[in-house]
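Remarks on the structure that follows.
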Amino acid sequence: MSEGGNSPLPPLPEQQPSTKKSVKCVQELFLDATHYKLSWGKFARLAKMGPLAERIEQLPGSMGTMPVVECCQYLRDMCSSLNTNELATLQQLACILCLLADGDPKMDTCHASLLRHSFNVVDSLEPMLVHHFTKLLLDYFGGTSSSSRGQVLRIARLLGARSGIGRAVSVCLLWDIIFSYAEIPIDIHQYRELNELRVLKDVPMADLSNTSFRCLIRAVGTLLHLLLCCPDLAEFLHHGYPIFYFRIQPQDVNLLRTWLVKAEGCMDANRPRTDAAKLQEVLDYLSAPEPTRQWCHECRNQNGNVRVPRSDVECLLSKMRM
């Protein structure tokens, strides 16, 4: 007992440092960026000196010091009032934000929401509009380096989860990746029949790095998934896209199987084979003789129409996007 008759108070527990992340401003997102296309300087110039310049000046504060969530919300709110070139620039900005590694779920959700909305406001699948949006993304992110192709693939996979024109742009980005490995330039970015994958035979597989090999395999697999599953098929058909874009013929499956076997033959023992194995599974599925599979039978019925309601079973082709 203490002199006053009271027990001494126990020591206060040591206070743990707060783990809550402070609200980031836009410029802070770029602190760890290592690629010049994802630098704050490039982002700021694109925003302040391009078609969006006048709109950016109307923000309630300096773009770099605005909280990320607030800035994304302002950009999201202005989407519906933008012209085509302004919207294309906003799509570029949204893609940059999505490519920045942050790890904060709130920030990632914010960036993804902005990207999704920048495409969802476009109620059209007009081919030249798809070409325009695709070209401007490639003007910024495109290139023949592994890092540039990797960024385009990541954007394509992000957009592939969207509906409508986002999915259309994704398909065109994937075609550009594939043709670029064959060193064949594309003048008009558009939907193509899958028999055009014959360009793969012109790709010097033995010369590709592990990173490039994986990028190409993923591009082919993701393209097959987007076209042969296509949950918004009816929307594309309504806008005049022919059904033959969304199916694959047996001879084209055989062509891909032959190409993949030769490609794997060019690989050394240390090359990763996970993605090639996934693509092989997809091609085995599509080459089943009965019933003939010109599309994914988990996502579409025997007539080629999207199943309603959708099956809860995860289709084999979707694994190429993982």
Open item on the list: It is to be established whether one or more residues within region 147-167 are crowded, with 23+ Cβ neighbours inside 10 Å, of a type in the set (Ser, Thr, Tyr) and at pLDDT 95 or above.
Closed with: no
- [ ] Answer yes if at least one residue in region 74-84 is among the polar types (S, T, N, Q), part of a loop (DSSP other than H, G, I, E, B), farther than 25 Å from residue 214 by Cα and at pLDDT 95 or above, and no otherwise.
- [x] yes
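Quick grid of which residues meet (1) within 23 Å of residue 136 (Cβ to Cβ); (2) under 21 Å from the mean Cα position of the chain (by Cα):
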position: 177; (1), (2): yes, yes
position: 194; (1), (2): no, yes
position: 202; (1), (2): no, no
position: 229; (1), (2): no, yes
TODO: Take region 174-190 and flag every residue that is buried (at least 19 other Cβ atoms within 10 Å of the Cβ) and either farther than 17 Å from residue 213 by Cα or in contact with a strand residue (DSSP E or B) (Cβ under 7 Å, 6 or more places away or on another chain) (or both).
DONE: 189
TODO: Output the number of residues of region 197-246 satisfying the condition of being basic (Lys, Arg) and buried (at least 17 other Cβ atoms within 10 Å of the Cβ).
DONE: 2
Task: Criterion: modelled with pLDDT under 95 and within 23 Å of residue 33 (Cα to Cα) - qualifying residue of 93, 59, 100 - done: 100
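Mind checking whether some residue in region 90-106 is more than 15 Å from residue 136 (Cβ to Cβ), free of Cβ contacts under 8 Å to residues at least 12 places away in the same chain, out of contact with any helix residue (DSSP H, G or I) (no Cβ under 6 Å at 6 or more places or on another chain) and not in a helix (DSSP H, G or I)?
For region 90-106, residues more than 15 Å from residue 136 (Cβ to Cβ), free of Cβ contacts under 8 Å to residues at least 12 places away in the same chain, out of contact with any helix residue (DSSP H, G or I) (no Cβ under 6 Å at 6 or more places or on another chain) and not in a helix (DSSP H, G or I): present.
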Task: Qualifying positions in region 246-259 - under 16 Å from residue 317 (Cβ atoms) and in contact (Cβ under 8 Å) with a residue 40 or more places away in the chain - done: 246, 247, 248, 252, 256
- [ ] Output the residues belonging to region 55-73 that are part of a helix (DSSP H, G or I) and in contact with a Leu (Cβ under 8 Å, 6 or more places away or on another chain).
- [x] 55, 68, 71, 72
TODO: Would you check if residue 239 is in contact with a Ser or Thr (Cβ under 8 Å, 6 or more places away or on another chain), within 19 Å of residue 158 (Cβ to Cβ) and not charged (D, E, K, R)?
DONE: no
Task: Answer residue from region 281-322, given it is touching a Gly at 6+ places or on another chain (Cβ under 8 Å) and assigned to a loop (DSSP other than H, G, I, E, B) and is nearest to residue 174 (Cα to Cα) among those - done: 295
Open item on the list: For residue 125, only one of the following conditions fails: (1) crowded, with 19+ Cβ neighbours inside 10 Å; (2) under 14 Å from the mean Cα position of the chain (by Cα). What is its number?
Closed with: (2)
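The values are calculated or read from the model by the stated rules, or taken from the named source; none is laboratory data. A quick note: this is a predicted structure, and the numbers were derived from the prediction, not measured. Quick reminder, even Gly has a Cβ in these numbers, built from the backbone with ideal geometry, and neighbours come from all protein chains shown.
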